[in-house]
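Just so it is clear, none of the values below were taken in a lab; they were calculated from the coordinates. Everything quoted here is computed from the prediction, not taken from an experiment. As a convention, Cβ positions derive from the backbone with ideal geometry for all residues, glycine included, and neighbour counts pool all protein chains shown.
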Amino acid sequence: MVLGFAELYITMIIGTNQRTCGIQDPSQCGLEVPRRRISLWVQIALDVIDRTLQDEDLVSQSVEFGALDDELVLAELEFLGSLSGHPVPLSAGLTAELSRTTARGSWRHGLATPRTLAHLLTTGLFRHDEKVGHGCVVVVDRSPYWSVQLRSVPPDRWFASDNAAGAAPQVLAALLDANTGHALAYGNDPWTIRAQESFRALFDRDVVTQFAYGGTGANVFALGCLLRPAEAVVCSRVAHVTYDETGAAERIIGTKLLEVETVDGKVAPAGLSSVRHLLGSEHHVQPAVLTITQATEMGTLYSIEEIRTLCSLAHEMGLLVHMDGARIANAVAALGGTSAVLRAMTFDAGVDVVTFGGTKCGGVFGEAVIFARPELATRSKYIRKQTTQLHSKMRFISAQYEALLADGLFIDLGRRANEAARLLHESVRDIATLGLGVPPQVNSVFPRLQDPAKSALQDWSFFWDWDVAASQVRWMTAWDTSPTDVDRFVSGIREALL
Ligand SMILES: Cc1ncc(COP(=O)(O)O)c(C=O)c1O
């Protein structure tokens, strides 16, 4: 058995679709090993695992390295061989634990059957005689074995979510200002009346504005106002309302969500048309509302023309249109940054009800549901209360909106977040492995990133995985992300990928 370098722990889990990889920090054993080299070992391990998992009958199979260049692997083997005389503890030897997975489960707590990866690395072949169950996905145990240690100073703001940001100073000032004396509850206060008036002025029409606590609740409430029994909501497969709201709409307003084909996070006319055959049949739930998200969960935008087209198709089919505008500020900023753009992409385009997000663009909490016409809102006050969205001290939501609407502050905050995302994209788009395409339309970037760099970066400055199967993560900027934050984050990225 050849020993003499870092230890790989390879573990397998049934039923998850994660695949990450870790390796003990060889410097703890007194070895100076370049990070690039460690990444390569990790890749070798993953490559082996990939190959083994592709195989249906793994008993006594040999697995050859596939994706990796043979020369590279051989060079590594030579390097590893040169270390074999190094006085490192046995525990730091290159060993792997390809563990047994059974329907009963876990290998990680002593059930594992160890295998020596050193052997396969020195022969260039991986032989193993464990039968691995179907449907297994590999997870290579990570902490505390990360070898990538970032020394750059992390950014002050994270790239995790616009929800991770604090509130804009103007919003906080408005909250303090509203904290004077007593005011009637449930919206019968001067702040609410003024904020509703501000929305009428902003949209330049007789809209009805009802404030709600949060984004999920506002969506549920808004949709609840538009639906009757046996009616359904058409949405994109990745819509927050279907993917990220824990079935709230289904449970609270008892509707059905009809997910349709989605391109770049958007509903296309063909997707909407695909439910047409349900209309009029007593055996099918009746599509009654189309909900679209602007900007979408994938960081894309509907053009004004696309919204117009969808609205006229929906109306022609007898559906109303709801817009989830949790990131409406980013969308308006990206499409021109004026209230005329806001009007054009919402009610002028045919949208009937908008959830107008405040939290992600500098608010503390609270969202606004805006009805294009009073007749759409006739039952809204009952439905808001029934869906638990009626805030008693409503002035504290309304005051935030007053501040956000004053002098187009929400657009300015949305623009800042968008610009930070654009700068981030520009600063790293030369890193081919990130697989970045066109510049972001709003405030998120979706690079491909693999371990160990990914986890090291996440430990250093947190951000979320997005599509684990595709090794895709999400970097999201907020209204307060500064160019310095971007610079520091970029330094960390480069360091991790070195
Ligand atoms: C598109 C979209 N809609 C709605 C929401 C509102 O969610 P919450 O209930 O967390 O405020 C979010 C939050 O992430 C979102 O991204």
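For region 294-363, the Kirkwood hydrodynamic radius comes to 12.1 Å, computed from all pairs of different C-alpha atoms.
Taking other Cβ within 10 Å of each residue's Cβ, how do Glu245, Glu261 sort, fewest first?
Glu261, Glu245
So what is log10(I(q)/I(0)) for region 169-410 at q = 0.13, 0.18 1/Å, when the Debye sum runs over its Cα atoms only? Here log10 of I(q) over I(0) equals -0.73, -1.39. Taken one residue at a time, the phi angles of region 349-358 give Karplus couplings (6.51, -1.76, 1.60, θ = phi - 60°) of 7, x, 5, 9, 9, 10, 8, 9, x, x Hz. Gly and Pro are set to x.
Across q = 0.16, 0.18, 0.29, 0.32 Å⁻¹, region 254-302 modelled as identical point scatterers on its alpha-carbon atoms has Debye log10 I(q)/I(0) values of -0.50, -0.61, -1.15, -1.27, in the order of the q list.
What list do you get for Asp162, Asp465 if you sort them by fewest beta carbons within 10 Å? Walk me through the numbers before you get to the answer.
On the way: Asp162 26, Asp465 16.
In order of increasing Cβ crowding within 10 Å: Asp465, Asp162.
Exposure proxy for Ser398, Ser471: other Cβ atoms within 10 Å of each Cβ, ordered fewest to most, give Ser471, Ser398. Taking the Kirkwood radius as Rh and the Cα radius of gyration as Rg, region 411-497 has a ratio of Rg/Rh equal to 0.94.
Checking the cross-link pairs Lys266/Lys360; Lys266/Lys381; Lys360/Lys393 against a 24 Å limit on the alpha carbon distance flags Lys266/Lys381 as lying beyond it.
Evaluate the Debye formula for region 183-274 with equal point scatterers sitting on the alpha carbons, no solvent, and hand back log10 of I(q)/I(0) at q = 0.14, 0.21, 0.24 Å⁻¹, in q order, two decimals. Debye output, listed in q order: -0.67, -1.04, -1.12.
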